[in-house]
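Reviewing the structure listed below.
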Amino acid sequence: MSQNSPTIWFLTGSQSLYGEDTLLQVAEQSRAVMDELKAGYTGPAELDWKPVVLDADSIRKIMMEASSDDSCVGVITWMHTFSPAKMWIAGLEALRKPLLHLHTQANQALPWATIDMDFMNLNQAAHGDREYAHILTRLAKSRKIVVGHPSDPEVRSRVSDWAFAAHGWMTSQTLKLARFGDNMRYVSVTDGDKVSAQTHLGLSVESLGVNALVDEVAAVTDAEGVTLAADYESLYDVAPELRSSGERHESLVYGAKIEIALRRILEDGGYRAFTSNFEDLGALRQLPGLAVQRLMAEGYGFGGEGDWKTSALLAIMKSMAPVGGATSFMEDYTYHFGPGTPKVLGAHMLEVCPSLTQETPRIEIHPLGIGGKEDPVRMVFSATPGEARVVCLVDLGDRFRLVSNDVSIVAPTEDLPQLPVARAVWEPHPSLAESAEAWMLAGGSHHTVLSSAVTKGTLEDFARISDTELVTIDAATTRSSFAKELQWTDAYYRGGARR
């Protein structure tokens, strides 16, 4: 395990009352439970077993260690035997990392024919965990509770969902975002309170003049651009006019220079997300398209038109998905109301992540019709069909809200020969009319993150960890129930209640 690799600490509670022999069994079974859980665990952080804790001082110290360890993204706790909960108060108050309470036991089935009081004294999680859960509730400690045997696929899946969310929270807490220019003029939903965002989510939004990018592009040599353009030709289906022998190859080389320049600025500044704005491109010859698509595919967050909230959300959701999982910046662009099932055609000017497709993207060049710059290069493809969700982060003034809508990505009803941009077509649940009404009632943005890789459970866990309101639109949503939910959450937050 690398020193900087993310870890999740596995803590087991007991007490010295049981004696040395019993506590040796507790430690042995604790390791076995974690190892069995690992067998089907898919989370991004390694489970790291810690010695059994027996008293208030050891609990407090290990919780403080977890809180100060940058590689620890969360803590799993399990009360193997009866661990009096007052011992946990100081430690829980000191913990500053996401918490999962695993309510389990070493044995799956009871040994009915041989069970005796020795077995009963050793295996007391059924009431030990309830004692512990009481103090968590008393302290209003946010946590996820997972109940079941570690061999159960549902248990492993729910722990994995939470681990991805904990990893997302670590990303949020350390995220630096570069804004090249301001947000698009007069647009409200892409703006917001950056200080509140840093206070609430930890992310730092930093402004860079577009000339910083212009100067960096100018510093990239022709040879560097040609070399990267050659890589494009080996990786993608590049239009003949853009290939090394084509009449517009120089445009591909310039697009490569933008990528090289962006990457240098992001790496040198420690940025994991960025924005651009076609209203303020300075002396850039092209709107960054291909460069943005490739950087998103590597895990960088991006938001068009200065939308720093969607850029940050994309970086966070990328870190909450398996590596390479289909997750992209997106925009609800236009509708198909019929015939057939109503659908949304989602796209952006250029910036859609190729993680959404299993095809080899085609690199093309076409006029943009907006921004007044040279024709930009971009990848063109359609998103691969599958179940997914679109998610946005909005600033309501007194709080942040996540809005999520379950969708089914489908193949375009017909070919789109005159639409030379990357796109996705989806059918929102429960329907286009009901989902759009609910989305707008919730104040949702026109910019979103589209993901088939981040699970609903992970998103719910992230909202709980970050204490961020989450409203979900899915197959069970009705207009009346959703309107009431928003009324309830408004009353909850404006009344100052928390958890």
Query - Identity of the residue in region 217-239, under 11 Å from residue 363 (Cβ atoms) and not β-branched (Val, Ile, Thr), that ends up surrounded by the fewest Cβ atoms within 10 Å (Cβ to Cβ) - result: 235
Requested in this report: Just one of (1) in contact with a strand residue (DSSP E or B) (Cβ under 6 Å, 6 or more places away or on another chain); (2) in a helix (DSSP H, G or I); (3) not charged (D, E, K, R) trips up residue 265, so point out which.
Outcome: (1)
Query - Residues satisfying the stated conditions in region 269-320, i.e. farther than 13 Å from residue 178 by Cα, within 16 Å of the chain's Cα centre (by Cα), not in a helix (DSSP H, G or I) and not acidic (Asp, Glu) - result: 299, 320
Requested in this report: Quickly run through region 364-393 and pick out the residues that are touching a Lys or Arg at 6+ places or on another chain (Cβ under 7 Å) and of a type in the set (S, T, N, Q).
Outcome: 382
Query raised in the report: Quick check: is even one residue across region 365-387 part of a loop (DSSP other than H, G, I, E, B), buried (at least 22 other Cβ atoms within 10 Å of the Cβ) and in contact with a His (Cβ under 6 Å, 6 or more places away or on another chain)?
Result: no
Query raised in the report: When you go through 161, 116, 152 one by one, which is the residue that is among the acidic types (Asp, Glu) and buried (at least 21 other Cβ atoms within 10 Å of the Cβ)?
Result: 161
Report task. Only strands (runs of 3 or more DSSP E) wholly contained in region 414-483 count here; list those with 3 or more residues that are assigned by TED's automatic domain parsing to the domain that holds residue 308, touching a residue at least 40 places away in the same chain (Cβ under 8 Å) and out of contact with any Cys (no Cβ under 8 Å at 6 or more places or on another chain). Result -> 423-428, 469-473
Report summary line: Exactly one of 76, 59, 89 is under 23 Å from the mean Cα position of the chain (by Cα) and either of a type in the set (S, T, N, Q) or at pLDDT 95 or above (or both), and that one is 76
Query raised in the report: Can you name every residue in region 192-226 that is part of a loop (DSSP other than H, G, I, E, B) and touching a residue at least 12 places away in the same chain (Cβ under 8 Å)?
Result: 192, 193, 202, 203, 209, 220
Query raised in the report: Regarding residue 490, is this residue within 23 Å of the chain's Cα centre (by Cα) and acidic (Asp, Glu)?
Result: no
Report task. Go through 340, 346, 301, 306 for me and flag whichever is farther than 23 Å from residue 277 by Cα and in contact (Cβ under 8 Å) with a residue 40 or more places away in the chain. Result -> 340
Query raised in the report: Any chance region 165-188 includes a residue that's surrounded by fewer than 17 Cβ atoms within 10 Å (Cβ to Cβ), more than 24 Å from residue 460 (Cβ to Cβ), free of Cβ contacts under 8 Å to residues at least 40 places away in the same chain and not polar (S, T, N, Q)?
Result: yes
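The values are calculated or read from the model by the stated rules, or taken from the named source; none is laboratory data. Note that the coordinates shown come from a computational prediction; the quantities given were computed from them, not determined experimentally. Note that each Cβ is placed from the backbone with ideal geometry, even for glycine, and that neighbours are counted across all protein chains shown.
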